[in-house]
Each structure stands twice: as C-alpha cells, then as structure tokens.
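Here is the structure we will look at.
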Amino acid sequence: MKRIIFLILLLAGLSSCVLPASASNFKDQGKPIDIQVEVGKVTEVVFPAKVAKVVKGGAVDSVLVEVLDNSVYMLPKTDDPSDIFVMTTSGNSYPLNLHISREHDIKVQIGSFNHQPKFSAGVYGDVMDLMKDLLLQKEPAGATALPGGNQVLLANRQIQLKVDKAYELAGWKAYVLTARNLMNNAVIIPIEQMTLPNLLAVSSDQDMLAAKGQQGDAAKVYVIMSK
C-alpha cells in the first residue's frame, strides 16, 4: 500500500484493519461530504475513479492517510482531524469533512458530484479550486503577485526549500516552492514540524526526491494559507 507523504513546512518567513462489509453510501451530493471517524480507528472512503492526489486542509499530523487505487484509508490521531480534499484521475475533487464519532463510518462509497464551496477567495469557490490551478502550473486568477521570489526558506545538509512564486488573494496567500535534494541518496520530501496555524492546504508534485544531480532531485511544493 502506497503511503501518501504530506509536507509539514517550517515557514517562519511566511505570513491493518479488516473492514466489515457494511458501508454508508453517498451519491451525487452537492456539498462537502460529512464522514464520521474515530480516533485510532480506520475509515475507508471509496471513490468512482482512481485517486490521484490527497490534500489535508489543516493540521497535517492530525490524521494518517494512505491510498490504494480508488480507496483512501484514514486513521485520525486527534479529536480534531483535518478535513481531506481528494482529487481523482477523472479530474473531480471531493471535500471530506471529518467528524469524531463513536459510531464511525467503516466504509463509505462516494458517487460523483459537484460540490458547493466551503472556502472562498475572490473568483475561487473553495481552496481546492485554487490548489488545482497551482498543481496545473496556472497563474491564480485575480491574484496579486508578491515579492520574495528565490527566497531560501530552509537549507540544511539534506534539502533546500525556496520560494518560486507568492500570491495574495482575498483572504488567502498561496506559495509555489521548490524542494531540492542536497544529498547523494533519495529522500522523502520532509519536513517534520508545523508552525503554521493558518495553513489551509499543502501538496507537492511528488513524494520523494531522487539523489542530488539525478532527474527528479527537485519538486514543486504548493502551500495555501489564510491571512
């Protein structure tokens, strides 16, 4: 099972569970999906297409997430798990609102639907609309470019993290970063502590960086924060 590794960014410079057959079933809902979860218990969410990317909308270490084909497995670690945004290979995105409950959902089947906004900023209906544009290397619509390009946020013997672009929108800030491996062996894109209470979403083009000087030794990192 492929583990989805999420970035935990230090940006001080930026303002095995067997599952029963019973399942909840959601189809064609026009709003974010409420999922009942329990700390230390696994909930499986099955999508109509293969999962392409998962983004956590909050505290990255509050819920463990793994992906296998069409399924996302979630294991909450705290009583306040972050919400989850799932993008599938069909191009659809699914916002999941996680709620702690002693009668947690064991397996949830998701149908295709068009969700309503959860967050909004300018022309974007929710944070995932903006994240999709960033992932597609598009300039955010209606955003103001901020100075700070090429600013190095983190540099140690393992990795360098540098700002490529910074944007300001109504209520949000978005950053495109480059993570570059400085070692002679492959490393997982880090970082091990979060000090950003305003973090809304974070994602990257790949989970692991190849050894220094090899193809794939750098990757883009995308961060969206509230002001």
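Summary of values
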quantity	calculated
Among (1) modelled with pLDDT under 85; (2) under 27 Å from Arg180 (Cα atoms) - the single one Val18 does not satisfy	(2)
Residues within region 78-102 that are crowded, with 22+ Cβ neighbours inside 10 Å and hydroxyl-bearing (Ser, Thr, Tyr), tallied	2
Test: residue in region 184-204 that is at pLDDT 80 or above and charged (D, E, K, R)	no
Residue count, region 31-48 (criterion: within 25 Å of Asp205 (Cβ to Cβ) and crowded, with 17+ Cβ neighbours inside 10 Å)	2
Residue in region 136-159 that is of a type in the set (Lys, Arg), over 24 Å from Pro32 (Cβ atoms), surrounded by 13 or more Cβ atoms within 10 Å (Cβ to Cβ) and not assigned by TED's automatic domain parsing to the domain that holds Gly57 present	no
Qualifying residue in region 60-72 (condition: under 18 Å from Gly111 (Cα atoms), surrounded by 16 or more Cβ atoms within 10 Å (Cβ to Cβ) and touching a helix residue (DSSP H, G or I) at 6+ places or on another chain (Cβ under 9 Å))	no
Complete set of residues in region 84-102 that are closer than 15 Å to Met131 by Cα, in a strand (DSSP E or B) and not small (Gly, Ala, Ser)	Ile84, Phe85, Val86, Met87, Thr88, Tyr94, Pro95
Pair list, Cβ < 8 Å and 6+ apart or interchain, from region 134-149 residues that are more than 19 Å from Leu161 (Cβ to Cβ) and charged (D, E, K, R) to residues that are loosely packed, with under 12 Cβ neighbours inside 10 Å and at pLDDT below 90	none
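The values are calculated or read from the model by the stated rules, or taken from the named source; none is laboratory data. If you're wondering where the values come from, they're calculated on a predicted model, not measured in any experiment. A quick note on method: Cβ atoms are made from the backbone with ideal geometry, for glycine too, and the neighbour counts reach across all protein chains shown.
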